[in-house]
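Asker: I am attaching a structure below and will ask some questions about it afterwards.
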Amino acid sequence: MKELRDAVRALLTKRSDARKGFDPSLWQVLCEQIGVAGLAIPERYGGAGASLAETHVVMAELGRALTPAPLLASTYASQLLLALGDDHANQRLLPRIAAGAIATVAVLDADGTARYVLDGDLAEIVLVCDGVRVYEAASVDVTATPAMDPTRRLASLTAQCGTELGDAAAVGVARDRATVALTAEQVGAAERILELTVQYSKDRVQFGRPIGSFQALKHRMADLYVLVEAARSASWGAVQGTVAPSVAKAYCSEAFLTVAGECIQLHGGIAITWEHDAHLYFKRAHGSAQLFGTPGEHLRRIEAEMAAIG
């Protein structure tokens, strides 16, 4: 795991630029040299045969760098295909995804439109759910959706359904797996913005001493560190199956929101300038909190599941 993390971090440190948007050449290197898109895809389908834990490591690094890469969308799609269990479709589509073809999932509303589709304007493979069945899209009409978070590509689309792949129940399984992957991204981003804030507190001098030496700021940053580590535990617990995906999503979303907001306060005025990256982390925190369900929606899901048990 450490070798994978170090390889991805080194590459992203050298090549990633959140402000420039999706970089096809970087995505190609990530897929061809590190194999990120195929980590959780079985070897018989052209993948590495690893697990979602390895994908988790990569997602955390993408979050740290705010890299606009379509791994989350492609993971959602590949996990949906695996959950559907259509061997013919898997033999045909999963090797393409493992090789770097961008895939995504579009869930249609009552009007036949899918909104806020991850990387929908980039996807070569679109899996469509109409609420009853899942299909491979034969053709799509896509409109890019401007988002508050400029590092996340979203789109609205309508699709002509092609090959039927299976029951829509599999979407819930795949969505939970993608949600857990998202929590890794949230933790990685929260960790990085806190690191930047700690470093700033060492460099910024006020009243003749670094501001990080003031006890009040030490306490605030210590509290944020505990929050990040607790979120990390929740995220990894979800990968290992000891924490429910909804618990991890609710906690990691709230943790990232808190850390991003506090770090802007601790940076002071520079954090609200375009030149500093703090605002990008803040926007990612708010955007990712809405993705795959808000913290409140996940808490209500947990409540409903507990009520059903009891």
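The values are calculated or read from the model by the stated rules, or taken from the named source; none is laboratory data. Just so it is clear, the model here is predicted, and its values are computed rather than measured. Here Cβ is always computed from backbone atoms with ideal geometry, including for glycine, and neighbour counts include all displayed protein chains.
Asker: If you go through the stretch 138-188, how many residues are outside any strand (DSSP E or B) and of a type in the set (A, V, I, L, M)?
Answerer: Number satisfying all stated conditions: 14.
Asker: Any residue at all in the stretch 95-114 that is within 18 Å of residue 171 (Cβ to Cβ), assigned to a strand (DSSP E or B), free of Cβ contacts under 8 Å to residues at least 60 places away in the same chain and of a type outside the set (Gly, Ala, Ser)?
Answerer: yes
Asker: Now, a different point. Take the stretch 203-235 and flag every residue that is of a type in the set (S, T, N, Q) and either outside any helix (DSSP H, G or I) or surrounded by 14 or more Cβ atoms within 10 Å (Cβ to Cβ) (or both).
Answerer: Scanning the stretch 203-235 gives 206, 233, 235.
Asker: Restricting to the stretch 20-51, name every residue that is in contact with a helix residue (DSSP H, G or I) (Cβ under 9 Å, 6 or more places away or on another chain), assigned to a helix (DSSP H, G or I) and surrounded by 12 or more Cβ atoms within 10 Å (Cβ to Cβ).
Answerer: Listed by number, the residues that qualify are 26, 27, 29, 30, 31, 34, 36, 37, 38, 44, 45.
Asker: Another question about this same structure. (1) part of a loop (DSSP other than H, G, I, E, B); (2) touching a helix residue (DSSP H, G or I) at 6+ places or on another chain (Cβ under 9 Å); (3) over 25 Å from residue 276 (Cα atoms); (4) not hydrophobic (A, V, I, L, M, F, W, C): which one isn't true of residue 67, the others all being true?
Answerer: Failed condition: (3).
Asker: Run down 106, 98, 169, 159 and say which single residue is farther than 29 Å from residue 189 by Cβ and either touching a Gly at 6+ places or on another chain (Cβ under 9 Å) or of a type outside the set (A, V, I, L, M) (or both).
Answerer: From the options 106, 98, 169, 159, the qualifying one is 159.
Asker: Report yes if residue 147 is within 20 Å of the chain's Cα centre (by Cα) and either acidic (Asp, Glu) or under 28 Å from residue 56 (Cβ atoms) (or both), otherwise no.
Answerer: yes
Asker: Right, here's the next one. Quick one: is residue 272 of a type in the set (Val, Ile, Thr), at pLDDT below 95, surrounded by fewer than 17 Cβ atoms within 10 Å (Cβ to Cβ) and in the same structural domain as residue 217 (by TED's automatic domain parsing)?
Answerer: Yes.
Asker: Pairs please, first residue from the stretch 283-298 and at positive phi and in contact (Cβ under 8 Å) with a residue 40 or more places away in the chain, second anywhere and of a type in the set (Ser, Thr, Tyr) and part of a helix (DSSP H, G or I), Cβ atoms under 6 Å, 6+ apart in sequence or on different chains.
Answerer: 292/179
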